[in-house]
Number of protein chains: 2
Amino acid sequence: MNTNQGHIDLSHGAGGRATAQLIAEVFRRHFDNPLLAQGNDQALFQPPAGRLVISTDGHVISPLFFPGGDIGCLSVHGTINDVAMAGARPLYLSAAFIIEEGFPLRELVRIVESMAAAAKAAGVPIVTGDTKVVERGKGDGVFITTTGIGVVPDGINISGELAQPGDAILLNGSIGDHGVAVLSQRENLGFETTLRSDTAALHELVAVMIAAVPEIHCLRDPTRGGVAATLNELAQQSGVGMQLREEAIPVRTEVAAVCELLGLDPLQIANEGKLIAICPAAQADKLLAAMRAHPLGAAAAIIGEVVEDKLQFVQMTTCFGGNRIVDWPVGEQLPRIC
Amino acid sequence: MNTNQGHIDLSHGAGGRATAQLIAEVFRRHFDNPLLAQGNDQALFQPPAGRLVISTDGHVISPLFFPGGDIGCLSVHGTINDVAMAGARPLYLSAAFIIEEGFPLRELVRIVESMAAAAKAAGVPIVTGDTKVVERGKGDGVFITTTGIGVVPDGINISGELAQPGDAILLNGSIGDHGVAVLSQRENLGFETTLRSDTAALHELVAVMIAAVPEIHCLRDPTRGGVAATLNELAQQSGVGMQLREEAIPVRTEVAAVCELLGLDPLQIANEGKLIAICPAAQADKLLAAMRAHPLGAAAAIIGEVVEDKLQFVQMTTCFGGNRIVDWPVGEQLPRIC
């Protein structure tokens, strides 16, 4: 099997010889680890003691390759982050591919290499998987669904309904980088930036954060729908309001400029290496210091606080001193951003 | 949200208000269980003591609805079965949807109801999920990737590399039903049968089997690529050959007729409620009796035995007394059969 040329065809999804060859020469070869090498339709492992979490995410980003990343590393980071947002240490990933007939084998290998590198860097192996092929025009290159499991350290209880009035809201860095970087690559949008996606695995940052402040109430990564969707979700789950300070929210000049140009709100743009943390106010400075000491939290900031509000509004004091409601994103925003 | 009318649009995948509404009114409502109700991007649980397994499968079957089932129940059964083939008791499922813009909401609800019913019947809740939407023409209705985890009872060691020369090969019933039932629905094939897919969750049958014969060496469900692919996989993994007896393999008259007509080999046709079991010959009758006592094993049979063969061939004594090699399926066979 020469993976420098050739294309995926329907036989690669038929479960026969071509499927076996694709699995052996592309997936097993690059994802190589003892659990995957068991060679069964499932991976067997002895979990560490403690509570576990499971999370799954389908990845349909378009284009597949974008500044700062590709669907491969994104599909690893995305699910690691969803697992980590419970305060968990991610243990294992599974990966299911849905590939369109005619997809270049060379590009598939490039994506798989990127996944393998991301999994290795994160220390979270891809231990089982699946491959399906759909006819030309019934898919779009490749879709990757990853599922992750992780173990939650004893004493850690992080969940969306635990935000309390008075709690501080923290963010680990600038918002909108991923969405704007991807947008810059979409063919018909005609602008270019030097901006790169922020795609990153956040579990090591989370480990540092819970070590410093085990009392963290909520963690969530503001992906699709951005900080606006995430904070509205948390406000609804916890039955609280939130008050943000616009001036405290890091937004790169370039992101702000693109949003201004296209009439987008940076608060509604997807991120792939950011998290929102909510903790008791008394612990906020300690948490901020821990975040800033980690490379993925160098630009961390306290961006607001949780307030009592029966209407569960997220509001923001603007840079001009006014106050506005930060509503749920409505409509399609940026389709296929992750 | 009136789920009797309307269609999925890109806003349902954008992470904002429409996504939240779809999750609440379709997925959470039908899959309803305490873990899903946690409402986070991951589900938290305390696993039972013991070794765990994880398995994932993407489902892209076409058509979405077929005699005896649909993509919904199939996506539940398929992953439960992959988990059960380690001898494991399935605990939880995750489900990730990739939906094409314009897909009727009514059909999505029908599929979700089928998944919910299958999960409930199996006693395996869907505890976390994800929804993405792709533009019209970039998908095909709906794709569903499910991931399952299960717990393996102490003392059970079932794996593809454990087949030994002398072992008996068992099958729990007639082959090819699923593939031929789906084929009968494909628009351009112009034949109809009363045959139904055998789609079923096999974990309860497996529980009965391992209770009777804990020494089972291998279990695998012959889905894509059929019994031929599965036995070749096991022969390769274990470094053995296999000798089947054609007359012992249950094939419905209707399946045999359709295969004859279309030039297909029943051994290469997909099944969704069948399993291959390999156990020491001395335990074969006991295992067969246990299988036959369960509704999903009523037509179980001993279909052959494991032999020494450095070439790892699967061979079969035909009904006419000859011998033929049962090779890996080559080419596309039946695309999108699961």
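Below is a table of values for the structure above.
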{"item": "For B:ASN4, inter-copy label distances in nm, listed shortest first [label point 7 Å out on the Cα-Cβ vector]", "result": "6.2"}
{"item": "Bridge type composition, the protein assembly as shown - antiparallel percent by DSSP, nearest 5", "result": "80"}
{"item": "Residue mean of other protein chain beta carbons inside 10 Å, A:249-256", "result": "0"}
{"item": "Folded to 0 to 90 degrees: helix A:105-122 orientation relative to chain A principal axis, Cα", "result": "50"}
{"item": "For B:ALA293, label point 7 Å along C-beta direction: distances to other copies, nm", "result": "6.2"}
{"item": "Folded to 0 to 90 degrees: helix B:253-262 orientation relative to chain B principal axis, Cα", "result": "80"}
{"item": "Neighbouring partner chain Cβ atoms per residue of A:32-41, average, 10 Å criterion", "result": "5"}
{"item": "Of all DSSP beta bridges in chain A, antiparallel share, percent nearest 5", "result": "75"}
{"item": "Peptide-level mean, for A:222-228, of C-beta atoms on other protein chains within 10 Å", "result": "3"}
{"item": "Exposure rule at most 16 other beta-carbon atoms within 10 Å, DSSP loop trypsin sites (Lys or Arg not before Pro): chain A longest free segment", "result": "A:1-135"}
{"item": "7 Å along Cα→Cβ, label-point gaps from B:GLY166 to other copies, nm, shortest first", "result": "7.3"}
{"item": "Fraction of antiparallel bridges per DSSP, the range A:168-325 only, in percent to nearest 5", "result": "80"}
{"item": "For A:GLY160, net neighbour charge (Lys/Arg +1, Asp/Glu -1) across residues whose Cβ lies under 15 Å away", "result": "-4"}
{"item": "Cleavage-rule hits, GluC sites (Glu not before Pro), the range B:219-313, DSSP coil, Cβ neighbours within 10 Å at most 15", "result": "B:GLU308"}
{"item": "Relative exposure of A:VAL240, A:VAL151, judged by other C-beta atoms within 10 Å (fewest first)", "result": "A:VAL151, A:VAL240"}
{"item": "Helix B:203-212 vs. chain B, principal-axis angle (Cα, 0 to 90°, nearest 10)", "result": "30"}
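None of the figures in this text is laboratory data; all of them are computed from the coordinates on show. These numbers were taken from a predicted model, which means no experiment stands behind them. Virtual Cβ from ideal backbone geometry, glycine too; neighbours counted across all protein chains shown.
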